[in-house]
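Have a look at the structure below, then the notes.
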Amino acid sequence: MKTTLRYFKHHAKDTLIRAAIITFICLVIVTMVAQGVNETYTRQKEYSDNWYVYGYPEGYTWSLNPQIGFFVAFSAILTTLLPMLELSCFNSRKYLDSAFSFPISRISLISVNLLNGFLQFLAAYTLSFIWYAIALLPCADKVNYPALWSFFFISLLCSLFYYSVNAFFFSVCNSTVDGFLTAAAWQFIVGLALFTFDDMIGVD
């Protein structure tokens, strides 16, 4: 157990820069999207307050789209790439020769790498979401925060499932390229099935 913990600390430290870069990119994108939402809010509020000037009917009401769909893209991209990055080293014979010489089981090695990858996703995703929720405070009267946080927790469960399935498909392949193609293929097939299901029953 101590050896596994030491390996986890060592591996987390080695991949810390990657985690910082991913988090930074996510925060930059979140800031840009939040700025766009706030600008839309300001514009719509101007129309609402001055409805008679802009030709809108009296009592004009409007709603604001919080644009949280890009978090789905965040989740899909990161839960696809991170397990690949964490497991691709096991496709290197040189790495395997050194890693399997450690006093730690193969299952523990793989588990540590996968846990590290998901924790990096969790950190980037959570910090981005918290920052986004804060950045939307100027238009808080039009943002349904309970629904926003419900989406967050549900999306974490979906992300864990997505991460696990991607890791499984990648791990059963013998090369990084094969693993990438296999992981991409199952997502493409499931995506088509979900779109078809959505068209059939009309549920978003």
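Would you mind stating whether Asn38 is touching a His at 6+ places or on another chain (Cβ under 7 Å) and either modelled with pLDDT of 80 or more or not in a helix (DSSP H, G or I) (or both)? So Asn38 does not fit the description; no. Filtered by the rule that a residue be among the β-branched types (Val, Ile, Thr) and assigned to a helix (DSSP H, G or I), region 100-135 gives Ile107, Ile110, Val112, Thr126, Ile130, Ile134. Checking Asp97, Asp178, Asp204, Asp199 one by one, the residue that is modelled with pLDDT under 85, surrounded by 11 or more Cβ atoms within 10 Å (Cβ to Cβ) and among the acidic types (Asp, Glu) is Asp178 and no other. The residue list Trp149, Trp131 contains one member that is farther than 25 Å from Leu85 by Cβ and touching a residue at least 12 places away in the same chain (Cβ under 8 Å), which is Trp149. Inside region 139-152, residues that are part of a helix (DSSP H, G or I) and surrounded by 15 or more Cβ atoms within 10 Å (Cβ to Cβ) make up a count of 5. For Ser155, the stated conditions hold: it is within 30 Å of Phe90 (Cβ to Cβ), at pLDDT 90 or above and either surrounded by 15 or more Cβ atoms within 10 Å (Cβ to Cβ) or among the aromatic types (Phe, Trp, Tyr) (or both). Within region 82-96, residues that are closer than 20 Å to Ile17 by Cα sit with their Cβ atoms under 6 Å from residues that are at pLDDT below 75, at 6+ positions apart or across chains, in these pairs: Ser88/Thr176; Cys89/Tyr95.
The values are calculated or read from the model by the stated rules, or taken from the named source; none is laboratory data. Bear in mind that the values here come from a model prediction, so they are computed numbers and not experimental data. Positions of Cβ are generated from backbone atoms using ideal geometry, with glycine treated the same way; all protein chains shown enter the neighbour counts.
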